[in-house]
């Protein structure tokens, strides 16, 4: 940092000497960062590396937020969030999940699932508690467990078994210190959606060992093979349902989500939330409520569009020898690149520098993601087709 | 099967093979359905959505509200069909409200449209009044926004 202004106390002897948080320093920065920097520095990149919808937020929600701002929705809301929004959420979950939460004390509006997950882990964990994290998984799961003083226990899922949450694999990792199992279905990065049978078995396992099930439901509306099965339906008394608007309603930038959990745990989360976040953004809560009320057709159209791209893109990859199970949800495919003989990083870096297509190497989502790359199809069809051509050229070279 | 029509509606060019890929329905079935729909009139025709302004071809459109004295036993059908047959007429709808028919007229110039309304449309039997609104600018047409698309503001790689 070049500056002519000498700040007070910048001499070497005045630098703070005491160490930073060892917990935080021990966590490496996300491996995604490197590819972001590289992709940002290039022109004409087709990005399949984006973990957010390419649709804008449905206009009815945006318009409602504009109206709300004009009429003064610029204040705090109650810590729990707008009651009307909580009521809409618990009604929706009763309808879709067949689980009835109480809007008054079992539902909390958060700043996205990210905050909800942080609250959950902090309210739940004591030092030394283990949380089983099946991987490959979303990059934040393990760091968040560690930030909350817990010990993440990664468990490798089998790509040959479509990254199924096999209760036998999970069961083998359980110790007397295990407190919870943390997972998302449909999954980022694999796009796999878990079956009702496996989730039932997982719930039985959780009951047997007295474990919590922390269920990231952010992609719950983006499923392509029939209705979504939430684990909360199998074991509501020990499930934390983390949901949000970012992916299904294309509302990533609004930072609004929710957490629903049995009352005693929900109240502890509320305690952290009231001292840290206070409340989710007021105008975002209004937009989310409007989205729930009026944007269902928009969601249906987006899902239908993702579905078409999913078919086209996974078929295209398959024809190139980059095999992947057709994903059941979210907007990711996670093909194997074994046929190229490259590592995930070599493939992603080569593809970006030679052909200007950005994908995310699978190993950033956990060691068992090695040999795969994550491609997001939240990109218009013509670009996906062009990306397939470029990938073909890259593999051929 | 509805999916096939959804794809065709946004891309009339789509081949049966492409539709099969996008919908997961096998290609032979796609062909069969399209042929059947063409025969039965579910698919009326295949069209391109042309922005004539952008091409440089100036056309004038007017929406005309038409008041009609309905005919005993036939209602508005007879008059509506009579109006619809003119080449200059793009669309004819029976609507609720103060007027009866709302029609869309297209011509090469304002004079051409005005002449048509004055000499042809208002002269039709049972047409008792017309009210003409010239189109000044299209913002959305056929479900398609014609304003500039919003730029993609997403970062290129995100978790």
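Data for the structure
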item	result
Selection status of residue B:42, within 14 Å of another protein chain (Cβ to nearest Cβ), in contact (Cβ under 8 Å) with a residue 24 or more places away in the chain and over 14 Å from residue A:304 (Cα atoms)	no
Residue in the range B:8-24 that is surrounded by the fewest Cβ atoms within 10 Å (Cβ to Cβ), counting only those that are facing another protein chain (nearest Cβ under 10 Å) and more than 18 Å from the chain's Cα centre (by Cα)	B:24
Hits in the range A:288-307 (condition: away from chain B (no Cβ under 14 Å) and touching a residue at least 24 places away in the same chain (Cβ under 8 Å))	A:288, A:289, A:290, A:291, A:292, A:293, A:294, A:295, A:299
Segments classed as helices (runs of 4 or more DSSP H), wholly inside the range B:13-115, with at least 2 members that are touching a helix residue (DSSP H, G or I) at 6+ places or on another chain (Cβ under 9 Å)	B:16-23, B:27-40
Residue in the range A:165-181 that is at positive phi and either in contact with a helix residue (DSSP H, G or I) (Cβ under 9 Å, 6 or more places away or on another chain) or at pLDDT 95 or above (or both) present	no
Leading residue by the ranking (farthest from the other protein chains (Cβ to nearest Cβ)) among those in the range A:68-78 that are surrounded by 13 or more Cβ atoms within 10 Å (Cβ to Cβ) and part of a loop (DSSP other than H, G, I, E, B)	A:77
Selected residue (only one of A:280, A:266, A:287 is part of a loop (DSSP other than H, G, I, E, B) and modelled with pLDDT of 95 or more)	A:280
Of residues in the range A:24-62 being surrounded by fewer than 13 Cβ atoms within 10 Å (Cβ to Cβ) and not in a helix (DSSP H, G or I), the one farthest from the other protein chains (Cβ to nearest Cβ)	A:26
Residue A:81 being in contact with a strand residue (DSSP E or B) (Cβ under 6 Å, 6 or more places away or on another chain), at the interface with chain B (Cβ under 9 Å from one of its Cβ atoms) and buried (at least 16 other Cβ atoms within 10 Å of the Cβ)	no
Which numbered condition residue A:38 fails, given (1) assigned by TED's automatic domain parsing to the domain that holds residue A:222; (2) over 19 Å from residue B:151 (Cα atoms)	(1)
Verdict on residue A:201 being more than 14 Å from every other protein chain (Cβ to nearest Cβ), crowded, with 18+ Cβ neighbours inside 10 Å and not in a strand (DSSP E or B)	yes
Condition check for residue A:163: in contact with a strand residue (DSSP E or B) (Cβ under 9 Å, 6 or more places away or on another chain) and within 14 Å of chain B (Cβ to nearest Cβ)	no
Qualifying residue in the range A:112-121 (condition: assigned to a loop (DSSP other than H, G, I, E, B) and surrounded by fewer than 21 Cβ atoms within 10 Å (Cβ to Cβ))	no
In the range A:132-160, the residues that are more than 22 Å from residue A:370 (Cβ to Cβ) and more than 14 Å from chain B (Cβ to nearest Cβ)	A:147, A:148, A:149, A:150, A:151
Check on residue A:281, out of contact with any helix residue (DSSP H, G or I) (no Cβ under 8 Å at 6 or more places or on another chain) and assigned by TED's automatic domain parsing to the domain that holds residue A:88	no
Count of residues meeting criterion [within 19 Å of residue A:397 (Cα to Cα) and within 11 Å of chain B (Cβ to nearest Cβ)] in the range A:308-317	1
Test: residue A:65 is crowded, with 21+ Cβ neighbours inside 10 Å, in contact with a helix residue (DSSP H, G or I) (Cβ under 7 Å, 6 or more places away or on another chain) and under 18 Å from residue A:263 (Cα atoms)	no
Residues that are assigned to a loop (DSSP other than H, G, I, E, B), under 28 Å from residue A:220 (Cβ atoms) and in contact with a strand residue (DSSP E or B) (Cβ under 8 Å, 6 or more places away or on another chain), drawn from the range A:327-356	A:327, A:328, A:331, A:334, A:335
Among the candidates B:122, B:96, B:156, B:109, residue that is without any contact (Cβ under 8 Å) to a residue 60 or more places away in the chain and within 14 Å of chain A (Cβ to nearest Cβ)	B:156
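Residues are listed down the side, and each one gets a yes or a no for (1) modelled with pLDDT under 95; (2) more than 14 Å from chain A (Cβ to nearest Cβ):
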position	(1), (2)
B:116	no, yes
B:134	no, yes
B:141	yes, yes
B:149	yes, no
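The values are calculated or read from the model by the stated rules, or taken from the named source; none is laboratory data. Values in this document were obtained by computation on a predicted structure and should not be read as measured data. Cβ coordinates were reconstructed from backbone atoms using ideal geometry, including for glycine residues, and neighbour counts include every protein chain displayed.
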